[in-house]
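These notes are about the structure you will find just below.
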Amino acid sequence: KLAQDLFPRPAQQILGPGTLLDSARLRWRIAERLQINTTNVHGYVLGEHGDSEFVAWSTVTAADSVSAKDRNEIETSVKNEAYEIIQGKGATYFGIGGATIKLLSAIINDTKEVMPVSTQCAELKEYGVDQTPIGVPAVIGKLGVERTLPLTLSNEEKEQLAASAEKIKQLYQDNASCLNQ
């Protein structure tokens, strides 16, 4: 939202890495648990890249093969991994650098790759999330966010997405005064 306020660019050209790293960690953890290749696991972590993010199990192709206990462990691991990396290395700049390269490559090469990026998504109005940039799956190409993918979320996931968007809105409002200085 801040970037959209500061830079006169089309909204589709203003995007962030969103939950790209978290979703990659999710797929890796599931593949590890099921002993399959990560290319055979699809699914997303949605919301803000932070404490209010959540695994949208309704988007995970291998979800039926993962027990409730394993789901909880995987989700906790995915959420806490960044903190563990910071504790061990002092920062997560290598991960975000890799995610940035992946995003730029998709834009420069017009790959039309689906990635969970932070973008404003009018289609999420039905979930109470509009006008708030948030991590959702989107097709990335030469125009930036070419379109977001439709989501079919459970009621609990809809509530989690709305709560995450509310947290982002609150952070923006709390820090908007910095723009006026």
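Out of every Cα-Cα pair in the chain, what percent are more than 25 Å apart?
34 percent
Taking 8 Å as the Cα distance limit and 6 or more residues as the minimum spacing, I'd like the relative contact order of the range 87-150 as a percentage.
On the way: 92 pairs, mean separation 19.5, N = 64.
30 percent.
Mind pulling the angle between the C-alpha long axis of helix 20-34 and the longest principal axis of the chain? Nearest 10 degrees, somewhere in 0 to 90.
10 degrees
Answer rounded, prolate or oblate for the range 65-121, using the Cα gyration tensor with square roots of eigenvalues a ≥ b ≥ c: rounded when a/c is under 1.5, else prolate when a/b is larger than b/c, else oblate.
Cα axes put the range 65-121 in the oblate bin.
Whole number in Å², please: accessible area per residue of the chain, 1.4 Å probe, ligands, DNA and RNA not counted.
That works out to 56 Å² for each residue.
Could you give the nm distance between label points at Ala11 and Asp70, where each point is 7 Å from its Cα heading toward the beta carbon?
3.9 nm
Checking the table Lys79/Lys102; Lys112/Lys169; Lys125/Lys167 against a 25 Å threshold on Cα-Cα, which pairs fail?
Among Lys79/Lys102; Lys112/Lys169; Lys125/Lys167, the Cα-Cα distance tops 25 Å for Lys112/Lys169.
What relative contact order, as a whole-number percentage, does the chain give when Cα pairs under 8 Å and 6 or more residues apart are counted?
27 percent
How large, in percent, is the carbon and sulfur part of the accessible surface of the chain at a probe radius of 1.4 Å?
Roughly 52 percent of what the probe reaches on the chain is carbon or sulfur.
The values are calculated or read from the model by the stated rules, or taken from the named source; none is laboratory data. Because the structure is a prediction, the values reported are computed rather than measured. Methodologically, a virtual Cβ is constructed for each residue, glycine included, from the backbone with ideal geometry; neighbour enumeration extends over all protein chains shown. To get the accessible areas, we keep the full protein, side chains included, count just its heavy atoms, and leave off ligands, DNA and RNA. Shrake-Rupley method; radii C 1.70, N 1.55, O 1.52, S 1.80 Å.
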